[in-house]
Amino acid sequence: LRPSFKVKEAINDVIWVEADLRNINDVSRVLKGIDIVIQAAATTSGSKDIVNKPYIHVTDNALMNSILLREAMNNSVSHFLFFSCTVMYNSSRYPIKEKDWDPSDEINERYFGVANTKIYIEKMLDFYSRISNMKTTAIRHSNIYGPYDKYDFERSHVCGATLSKVLTATKEVVVWGTGEEERDLLYIDDLVDFVVSAISNQKKNYQLYNCGAGESISIRKLVELIINQSEKSLTISHDISKPTIKTSLCLDNSLAKKELGWSPSITLKEGIKRSIDWWYENIDTE
């Protein structure tokens, strides 16, 4: 095996394999004998990098998914599921359906690179479903949070970063921007349930689905909720000089409910409570 391709010990019947997904030989070896691929690997980070280094979300993601899809077809994978995102959608006060997005719409300048990369991969999913027997699924999920999230400030997304800010604060929580922007936050267990539902119930060779909570919360209110759930006594201030992306978004899940029988079941309040409990057990070092 190549040095970049290492089989690690099986833990709880899971075999962990280290591979470079930009390397065709590694990918081909990984996919031999595999029936279903759930593609959750990506170069990803938070709003700081999206603002200051937007290129890091483009090249590697386009390359690895192009190779993965071709080799999945060559190895007769039956179903390929891909975690896309919602950055191609424009800000909206109303729940957005999949069909509400128009390719001629302008994409938020902050998201231009990553959004077009995701759209390219979605088109490749459709393409490979047409030229093979491989079923494909594009999942436009909202912001995912919960246990095992990235909680460091350099790489974390909005919920992980906000939760860490609150739980490490002693007197004050500094919010980047005005805190008025709103996000749709989905607990990780609901995303896992969605994947199971898509594998079990998707009928079409290719389908694109929204997958979100179906409602949004402002960053300011999210901070207040985390403070309340953590039972800490903290004040909130704002630093408008820091990078922030002023969009508001929530997703319409009606297609997934109709075709897959899926809808989210974990409330934001319950999900935040579970996340705080996990953080204290696994991240807190005090």
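The values are calculated or read from the model by the stated rules, or taken from the named source; none is laboratory data. Note that the structure is a prediction, hence the values are computed from the model and not measured. Heads up, the Cβs are rebuilt from the backbone with ideal geometry, glycines too, and the neighbour counts pull from every protein chain shown. Heavy atoms of the whole protein, side chains included, go into the accessibility calculation; ligands, DNA and RNA do not. Shrake-Rupley method; radii C 1.70, N 1.55, O 1.52, S 1.80 Å.
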Practice task
Kindly check whether there is at least one residue in region 102-112 that is assigned to a helix (DSSP H, G or I) and either surrounded by 21 or more Cβ atoms within 10 Å (Cβ to Cβ) or at positive phi (or both).
Solution key: yes
Handout entry: Any hit, region 125-132, residues being open to solvent by 30 Å² or more (accessible area, probe 1.4 Å), of a type in the set (S, T, N, Q) and closer than 21 Å to K203 by Cβ
Key = no
Fill in the blank from the handout: Across (1) within 21 Å of V58 (Cβ to Cβ); (2) within 17 Å of the chain's Cα centre (by Cα); (3) not in a helix (DSSP H, G or I), I121 clears everything bar (3)
Practice task
Answer with yes or no whether A115 is open to solvent by less than 20 Å² (accessible area, probe 1.4 Å) and either over 28 Å from K203 (Cα atoms) or of a type in the set (G, A, S) (or both).
Solution key: yes
Practice task
Determine if region 164-171 includes at least one residue that is over 14 Å from the mean Cα position of the chain (by Cα), of a type in the set (G, A, S) and over 26 Å from N90 (Cα atoms).
Solution key: yes
Completion exercise
Heads up, the strands (runs of 3 or more DSSP E) in region 174-286 (entirely inside) with at least 2 residues that are in contact with a Leu (Cβ under 9 Å, 6 or more places away or on another chain) and either under 28 Å from I38 (Cα atoms) or open to solvent by 60 Å² or more (accessible area, probe 1.4 Å) (or both) are 185-187, 206-211
Practice task
Kindly indicate whether D239 is under 22 Å from D152 (Cβ atoms) and acidic (D, E).
Solution key: yes
Exercise for the section: Can you work out which of the residues in region 147-173 that are assigned to a loop (DSSP other than H, G, I, E, B) and of a type in the set (S, T, N, Q) is farthest from C85 (Cα to Cα)? Expected result: T170
Practice task
Report yes if T137 is modelled with pLDDT of 95 or more and surrounded by 20 or more Cβ atoms within 10 Å (Cβ to Cβ), otherwise no.
Solution key: yes
Problem - Matching residues in region 64-95 - criterion: being in contact with a Gly (Cβ under 9 Å, 6 or more places away or on another chain) and surrounded by 21 or more Cβ atoms within 10 Å (Cβ to Cβ) - result: T86
